[in-house]
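Shown next, in structure tokens, is the structure this report addresses.
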Amino acid sequence: MSIWEYANPVKFMRTSGAVLPWLVGATAICLPAGLIWGWSVPEDYKQGATVKIMFLHVPSAMMAINIWVMMLVASLIWLIRRHHVSALAARAAAPIGAVMTVVALVTGAVWGQPTWGTWWEWDPRLTSFLILLLFYLGYMALWSAIENPDSAADLTGVMCLVGSVFAFLSRYAAHFWNQGLHQGSTISVAPGDRISSVYSYPLYTCMLGFFLLFVTLLLIRTRTEIRRRRTAALLAREMRA
Amino acid sequence: MIAELGRHAAPVLAAWSISGVLIVGLIAQTLVAASRARRALEKVERRG
Amino acid sequence: MLALLIRDLRLATRAGGGFGLGLAFFLIVCTLVPFGVGPEGGTLALIAPGILWVGALLACLLSLDRIFALDWEDGSLDLLATAPLPMEGAVLVKAAAHWITTGLPLVVAAPVFGILLHLPSGAQGWLVAALLLGTPALSILGAFGAALTVGLRRGGLLMSLLVLPLYVPTLIFGAEAVRRGAAGGDGTTPLVLLAGITLATLAAIPFAAAGALRVNLR
């Protein structure tokens with residue numbers, strides 16, 4: 001049991017096919033449960049009902065960053081060891097990450113309107129997310145622009161590496177540029193928890209739900225990419241014959 | 001099931017509906033692309 | 001290496017080489033902005049650092065696809081790949097040629113455009129210093145973007161999408177240094193950070209760009 005076994009697409013297809021129904025089931029239970037729980041929490045004394053936006057905003061923001069990190073790791077595995085499924089997984093993850101970034105930005109804007117009195121503020125956190133979205137778009141555009149699949153995987157991998165460094169750099173540069181309006185991290189492990197358990201348990205459930213949703217979609221999309229690759233290979237063989 | 005939203009009904013509903021549309025759209029696109037790829041592969045494999 | 005640099009410079013300065021085009025573009029941007037925001041000197045002075053930097057960014061972007069595209073088409077890039085000079089060195093030389101033909105003229109001409117936009121005279125020194133330290137990073141990052149998209153038929157638009165986000169830190173620190181200078185303050189901190197970014201990109205990006213070129217030449 002190591003990831004190198006799954007560099008073989010056939011093996012990957014078999015295992016992922018077996019795991020997928022369980023993942024779909026877990027997502028179908030966890031995500032609606034978390035969302036309904038989040039929807040029915042009591043109002044916050046300060047923010048009123050807007051606190052309900054948190055159950056979409058925080059998990060999607062978390063996933064937006066984590067998906068980029070996952071793409072970075074997958075690209076590294078491809079670049080160093082030529083793990084084909086890894087490259088395809090990085091490609092499959094990008095649109096999910098982009099949608100998560102958009103969800104985080106939109107919910108943030110809608111939430112900012114009643115609480116800060118503005119839709120958009122050039123705050124470091126908001127700005128970094130906008131830049132992250134640009135990186136996702138560039139990454140996806142580069143993938144779809146290059147025809148040779150191996151070159152595309154190589155070039156997007158290199159772009160992901162450089163982009164990660166610069167996304168990180170932009171975040172700190174933005175802090176330097178403008179002190180923020182956004183609050184600090186919501187989840188803290190320090191004692192004297194900043195968020196009441198009335199909100200934190202549904203929030204954790206939502207985060208788990210979003211994570212499961214990501215893994216499920218990632219597997220489906222990776223399987224789609226493998227099938228596309230195989231179809232193209234078979235067609236090319238026919239052309240030659 | 002309809003919770004009391006008070007004066008912040010509009011932003012909450014807007015945020016939830018926009019996110020819902022985006023995420024459902026992503027899931028739908030994933031499923032459509034998956035079934036299309038599966039059918040295309042089956043067609044090619046049957047022919048070959 | 002020197003021969004390659006001289007060859008690139010000669011190609012760029014020859015008729016049709018596009019030399020001075022970036023400068024003309026920069027001039028147009030600085031002319032158009034007052035039409036857009038109104039002619040009040042106070043407003044212009046306030047936004048001048050940002051406009052000058054964004055203008056420099058876009059002027060730099062215009063000529064990026066020339067870094068490798070022509071050599072790719074006529075095959076001299078393949079010759080460079082087999083030459084004893086390592087690819088990283090070739091990338092560095094190409095970026096240097098790009099900087100000398102677009103970045104350096106901008107640095108020299110920037111004070112004139114600063115006057116056009118009512119930039120306070122105290123900020124002129126900061127502007128030149130920031131551009132001098134920042135534009136090499138723009139050229140080398142641009143070379144990376146050009147290396148990624150060199151094989152593509154319509155790579156220009158894609159390249160701007162890839163390269164512009166990479167310019168964000170340079171833009172932030174560069175404009176901040178000029179803004180602090182314009183406010184009569186001390187812009188040393190952003191200037192030092194800007195120099196740090198430029199040095200780091202000069203050290204690291206040639207490897208990434210050379211890797212991308214090798215993939216494209218495969």
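The values are calculated or read from the model by the stated rules, or taken from the named source; none is laboratory data. Quantities reported herein were computed from a predicted structural model and do not represent experimental measurements. Methodologically, a virtual Cβ is constructed for each residue, glycine included, from the backbone with ideal geometry; neighbour enumeration extends over all protein chains shown.
A few notes on this one:
- Only listed residue being closer than 20 Å to C:Met159 by Cα and surrounded by 18 or more Cβ atoms within 10 Å (Cβ to Cβ), chosen from C:Leu70, C:Leu64: C:Leu64
- Which listed residue, of A:Val103, A:Val24, is farther than 30 Å from C:Ala212 by Cα, of a type in the set (Val, Ile, Thr) and buried (at least 24 other Cβ atoms within 10 Å of the Cβ): A:Val103
- Test: residue in the range A:82-104 that is part of a helix (DSSP H, G or I), at the interface with another protein chain (Cβ under 9 Å from one of its Cβ atoms) and free of Cβ contacts under 8 Å to residues at least 12 places away in the same chain: yes
- In summary, B:Ala3 fulfils each of the numbered conditions (1) modelled with pLDDT under 90; (2) assigned to a helix (DSSP H, G or I) with the single exception of condition (2).
- As for the range A:121-130, it holds no residue that is within 13 Å of chain B (Cβ to nearest Cβ) and either in a helix (DSSP H, G or I) or buried (at least 21 other Cβ atoms within 10 Å of the Cβ) (or both).
- Hey, C:Ala48 of a type in the set (A, V, I, L, M, F, W, C), within 25 Å of C:Ala129 (Cβ to Cβ) and touching a residue at least 40 places away in the same chain (Cβ under 8 Å) or not: yes
- Residue check, A:Ala64 in contact (Cβ under 8 Å) with a residue 40 or more places away in the chain, more than 9 Å from chain B (Cβ to nearest Cβ) and under 13 Å from A:Thr107 (Cβ atoms): yes
- Of everything listed in (1) at pLDDT 90 or above; (2) surrounded by fewer than 21 Cβ atoms within 10 Å (Cβ to Cβ), the single unmet condition for C:Leu141 is (2).
- Residue pairs meeting the criteria (Cβ under 8 Å; at least 6 apart or on separate chains; first at pLDDT 70 or above, in the range C:12-28; second assigned to a helix (DSSP H, G or I) and aromatic (Phe, Trp, Tyr)): C:Phe26/C:Phe113; C:Leu27/C:Phe113
- Residue identified as at pLDDT 90 or above, within 20 Å of A:Gln113 (Cβ to Cβ) and not charged (D, E, K, R) among A:Ser60, A:Ser75: A:Ser60
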